[in-house]
Every structure is written in structure tokens, then in C-alpha cells.
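Student: Pasting a structure below so you can have a look.
The values are calculated or read from the model by the stated rules, or taken from the named source; none is laboratory data. Values in this document were obtained by computation on a predicted structure and should not be read as measured data. Every residue, glycine as well, gets a Cβ built from its backbone with ideal geometry; the counts of neighbours run over all protein chains shown. These area figures cover heavy atoms from the full protein model, side chains too; ligands, DNA and RNA do not enter into them. Shrake-Rupley method; radii C 1.70, N 1.55, O 1.52, S 1.80 Å.
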Amino acid sequence: MTANNKSSLLYKDASRHYIWPQLSKEEIVRGVPVILSGGEGVRVRTVDGDEYLDLMSTTARASTLGYGNERMVDAVTSQLRTLHYGGTANFQADVTIELAKRLAGLAPGELSATYFVGSGSEANEAAIKLAHLYQRSAGAKPRAYKVIARWNAYHGSAGGAMGASDWLGVRHPSEPGYPGYSRVPAPTCYRFPIGSTEAEYADICADMLEQQIIHEGPELVSAVIAEPIMQANGVQIPADGYLQRVREICDRHGVLMIADEVISCFGRTGELFALNHWRVEPDIMTMSKALTAGYMPLGATMVTSRIHEAVDGFPDIHTYGGHPGSAVASMTMIDIVEEEDLVARSASLGRTALRLLSGCEELEIVGQIRGRGLWVAVDFTSDPQSRALPEPTMLENIVQRTRDLGALVSQNGTAIEIAPPLVITEADLETGIAMFRQAIEEANKQRASYPAAGGAVE
């Protein structure tokens, strides 16, 4: 069987037997899905035999150590031979306990105890449950069940995490969902519906959060959940002072602060955790993705010693929570990140990425370029004066043209992101961004063919 025949059969099998997440049938027919067959370093291969420079860590931003890292593979393989499963509840693997201790030494503030699950969605679900349980167990707010999230947040696609989500369209099809969730505005870059600057709008968002807590009843509000840097519309970095105000507001009203670091943990933003940019300490923090560099499924929910001591038993269970293979993958990832100084490398290469993209803001279709570490976004517009929304087809074409040139980038609302593995070389970063820039410049020349989308974005 030839490679092309095998590829055709796989795509046919996928159309019959696989449910693609997020993709419409029209997108599937247009050939949006990509089936990968291999990867090495920062490059991936498809079943069609094409090779791409991966500037997105496979869209999920999880593959922080690249593909085929032999040290990661050897560590997981060795653990699976020794003990492939550690059980649940009254059984657990030794390496999982070792990982919990290791994380306690790395996490900010008083975070000291970890509950392991299988994904970021599950980690946020556990965080919300633990917040409710703490408020009851501590006794000060026994009726607290409400959670305040933010506009355009994404915290997962299951249970309470889905109830807190407002992005990727996962919530509305399942509504009515869990009771007790409300949302307030979140700081945004480039476009903001109120105020004249990003900093002014961030202050308004913080004020709205406090007013929402008061409106809902502080005695009923269990937690506020927030991504330190939001992913919606690409790398939404809050103005300095905003997260500090969220922390102060939560303290003032006895509300727990849950930091969703599922995307941003372990170096993605040029800090070990994104909150470290602002020296803010949460009550609960969630992690996934880079937690194992994508080599094994794992999510983690960390709480402070105060919460851990107040909660006597956690009525929750996950068959694969803290899987020993995943635990070893995580500890090996931490070793590699520390030994190769990948956090500092992410910060340095992130500055390089911004430099390589500099000048693009002079193009008519580009509104703003922003980023922290190796997580960078180019936000587009159909009118730089009004900051009107870009025409979606234009962004799709830029993503596809970049792919045709040999690199993978990803559309995120009004922006296109790059978030390559932290091990990417400067030469590969320059090569990939040159392809991306070419696609942007070509689209700018063709801008007259794209109708203005208009409107505003939350």
C-alpha cells in the first residue's frame, strides 16, 4: 500500500469513526484536520508525508520539550516496567508522592499539597470542588457555592469547569448547566469595551469583580477562577496591578483565588508560573499541558496548607489520577527544564520572537503584537483606526499559507498565535517566523479582497 493510499484510508476512517473536537463538518470537508504520524525535535510529519516546523507545540501548547525526547521516553518506559499503575484512594505509587513533594518546593506562596487528575479540565473541576469543600469545612462560609469566572475565559469542557468557561463554545450546547456561576469582564489587550486604555479597563474589571461579589453575596461566593494570562483572542496579558487587586478583593471578602495555569505553567511565559510575573500567590492553582510536556496525560490541583489542613478527606476519585508513568514524566520534565534553564530560555527567545515580528504593526491588517515568553500573538484588524474585527477568512488564509510555507501556527479568535516548544533553536524560530511574516505580508497586499467584519469583541 502506498503512503497516499494509506493516508486516504485514514482520513476516510476518521470521517466514519472519529469525532473531531471543535471542527464542523464543513471544516472537515475542507481538509482542516491534520493527522500526524511522527515528530522529531520541533518538527512533525503527517500521514501525507509532509513535514512542518511546529510553532504551536501541536496547538495545545503542551509539547514544550519537542518530539522524541529520549530521556522522557526512557523514564516513562522504565517506570511502566517497574510499576505501571498505582491505584486510587488507599493505593498510590511512590513516584506520585515524590512528585507532589517536588511541586510543593516549586509552587508560589503557601501552595503545598497536590491532587492529581488526568487533564486541565479535571484539574479545574477539582479546584472548584475543593474551594466549596474548604468554605464548608472552615466554617466561616458554610453556604458558599457560587463561583465567579470571567468573560471569554476557558477552564475546561466538563462539569463545573465547563460552567466557568466562556470560550471555544463548550458551555452553551450543554446549558442549562451547573448553578452558581456568573462572569465579569476580564482585562483585554488592544480592544476593550470601556475606558480609554488597557490599564483603565483593567481597573474597571477589578471594580466589577468586587461589585459582583457584593451583588452575589460574599457569604455565598466560594471562589474566583482566572487564567493569569487569558488565551481568548491570543495572549491577553493583564495590566500591571490587576491581579494584585484580584488578590486583595478575594482576601477582603473571604473568597478563594483559583489560578488556572493549565497553559502557562513551567516556562511557557518566561516564568515557571505566569503569576510569578506579578508576584501574586493564589489559594489554589491548576496545571496540565507542560506538566508532562505532553508525553503523558496529567493534571494537578495544588492548594495551600491552610486549605489542606481544613479539608478532612476529599470525596472525589479518578482512576488514572497520579498515574505513575505520568508522575515520572512530570519529574523528568522538571529535571530537564531546570538543567537546561528552559524558563530563562523561553523569556529570551520570547523577546527574540517579538523582535522578529517587529514592524508588522505598520501593516494595515495588524493591530497589535504581544507576548510573554514563548507565547506570542499577532492580533488583526480590518481597520486600524477603529480596531474593527478582522475578516475571519483572512486569518484562516494566513494560517493555511504559513502551513503551505512549512510552519504551523494557530488562529485564536481575532489573533494568530505562536507557542513553539521551549527547546526550539533561535535559527528555527527565525525560519518559522519568516514564514509567518511572509504569509501576513501577502495577506496585507490582498486586504482589499477581504470585506470589513466590523463589530466589537468582548
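Student: Which of (1) within 21 Å of TYR154 (Cβ to Cβ); (2) out of contact with any Pro (no Cβ under 7 Å at 6 or more places or on another chain); (3) in contact (Cβ under 8 Å) with a residue 40 or more places away in the chain is the odd one out, the single condition ARG245 does not satisfy?
Tutor: Of (1) within 21 Å of TYR154 (Cβ to Cβ); (2) out of contact with any Pro (no Cβ under 7 Å at 6 or more places or on another chain); (3) in contact (Cβ under 8 Å) with a residue 40 or more places away in the chain, only one is false for ARG245: (1).
Student: Out of the residues in region 55-74 that are aliphatic (A, V, I, L, M) and out of contact with any helix residue (DSSP H, G or I) (no Cβ under 8 Å at 6 or more places or on another chain), which is farthest from PHE273 (Cα to Cα)?
Tutor: In this case the residue turns out to be VAL73.
Student: Which one of the conditions (1) hydrophobic (A, V, I, L, M, F, W, C); (2) part of a helix (DSSP H, G or I); (3) within 28 Å of the chain's Cα centre (by Cα) does LEU65 fail to meet, given that it meets all the rest?
Tutor: With respect to (1) hydrophobic (A, V, I, L, M, F, W, C); (2) part of a helix (DSSP H, G or I); (3) within 28 Å of the chain's Cα centre (by Cα), LEU65 is out only on (2).
Student: For region 29-49, enumerate the residues that are assigned to a loop (DSSP other than H, G, I, E, B) and either surrounded by 15 or more Cβ atoms within 10 Å (Cβ to Cβ) or aromatic (Phe, Trp, Tyr) (or both).
Tutor: Within region 29-49, VAL32, VAL34, VAL42, VAL47, ASP48 qualify.
Student: Just one of (1) closer than 30 Å to VAL366 by Cβ; (2) of a type in the set (A, V, I, L, M, F, W, C); (3) at pLDDT below 95 trips up ALA153, so point out which.
Tutor: Checking ALA153 against (1) closer than 30 Å to VAL366 by Cβ; (2) of a type in the set (A, V, I, L, M, F, W, C); (3) at pLDDT below 95, the one that fails is (3).
Student: When you check PRO297 against the structure, is it touching a Ser or Thr at 6+ places or on another chain (Cβ under 7 Å) and open to solvent by 10 Å² or more (accessible area, probe 1.4 Å), yes or no?
Tutor: yes
Student: Taking the options ASP240, ASP207, ASP203, name whichever one is without any contact (Cβ under 8 Å) to a residue 12 or more places away in the chain, surrounded by fewer than 24 Cβ atoms within 10 Å (Cβ to Cβ) and over 12 Å from the mean Cα position of the chain (by Cα).
Tutor: Just a single option satisfies the conditions, and that option is ASP207.
Student: Take TYR52 and tell me if it is of a type in the set (Ser, Thr, Tyr), crowded, with 18+ Cβ neighbours inside 10 Å, at negative phi and modelled with pLDDT of 95 or more.
Tutor: yes
Student: So, MET302, is that one closer than 17 Å to ASN124 by Cα, touching a residue at least 24 places away in the same chain (Cβ under 8 Å) and more than 16 Å from the chain's Cα centre (by Cα) or not?
Tutor: Criteria met by MET302.
Student: Is there a residue in region 95-102 that is touching a residue at least 12 places away in the same chain (Cβ under 8 Å), under 22 Å from the mean Cα position of the chain (by Cα) and either closer than 13 Å to VAL303 by Cβ or assigned to a loop (DSSP other than H, G, I, E, B) (or both)?
Tutor: yes
Student: Is region 86-94 home to any residue that is under 19 Å from ALA293 (Cα atoms) and surrounded by 13 or more Cβ atoms within 10 Å (Cβ to Cβ)?
Tutor: The answer is no, given that none of the residues of region 86-94 is under 19 Å from ALA293 (Cα atoms) and surrounded by 13 or more Cβ atoms within 10 Å (Cβ to Cβ).
Student: In this structure, does ARG370 turn out to be touching a Cys at 6+ places or on another chain (Cβ under 7 Å) and either open to solvent by 40 Å² or more (accessible area, probe 1.4 Å) or assigned to a strand (DSSP E or B) (or both)?
Tutor: It is true that ARG370 is touching a Cys at 6+ places or on another chain (Cβ under 7 Å) and either open to solvent by 40 Å² or more (accessible area, probe 1.4 Å) or assigned to a strand (DSSP E or B) (or both).
Student: Suppose we keep only residues that are free of Cβ contacts under 8 Å to residues at least 12 places away in the same chain and hydroxyl-bearing (Ser, Thr, Tyr) within region 5-28. Which one would you say is nearest to LEU168 (Cα to Cα)?
Tutor: That would be SER24.
Student: If you take the residues of region 63-85 that are open to solvent by 70 Å² or more (accessible area, probe 1.4 Å) and of a type outside the set (S, T, N, Q), which of them is nearest to SER305 (Cα to Cα)?
Tutor: TYR85
Student: For the structure I just gave you, tell me whether PRO142 is open to solvent by 10 Å² or more (accessible area, probe 1.4 Å), within 19 Å of the chain's Cα centre (by Cα) and more than 15 Å from VAL262 (Cβ to Cβ).
Tutor: Answer is no for this residue.
Student: Let me ask you something else. Can you confirm whether ALA60 is assigned to a helix (DSSP H, G or I) and buried (at least 18 other Cβ atoms within 10 Å of the Cβ)?
Tutor: no
Student: Can you tell me which of HIS277, HIS308 is open to solvent by 40 Å² or more (accessible area, probe 1.4 Å) and either over 26 Å from ILE424 (Cβ atoms) or touching a Phe, Trp or Tyr at 6+ places or on another chain (Cβ under 7 Å) (or both)?
Tutor: HIS308
Student: Oh, and also: If we scan region 122-137, do we find a residue that is part of a helix (DSSP H, G or I), among the acidic types (Asp, Glu) and buried (at least 18 other Cβ atoms within 10 Å of the Cβ)?
Tutor: yes
Conditions (1) among the basic types (Lys, Arg); (2) touching a Pro at 6+ places or on another chain (Cβ under 6 Å); (3) more than 28 Å from TYR67 (Cα to Cα); (4) surrounded by fewer than 24 Cβ atoms within 10 Å (Cβ to Cβ), marked per residue:
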{"site": "GLU261", "(1), (2), (3), (4)": "no, no, no, no"}
{"site": "GLU281", "(1), (2), (3), (4)": "no, yes, yes, yes"}
{"site": "ILE284", "(1), (2), (3), (4)": "no, no, yes, no"}
{"site": "ALA290", "(1), (2), (3), (4)": "no, no, no, no"}
{"site": "ALA293", "(1), (2), (3), (4)": "no, no, no, no"}
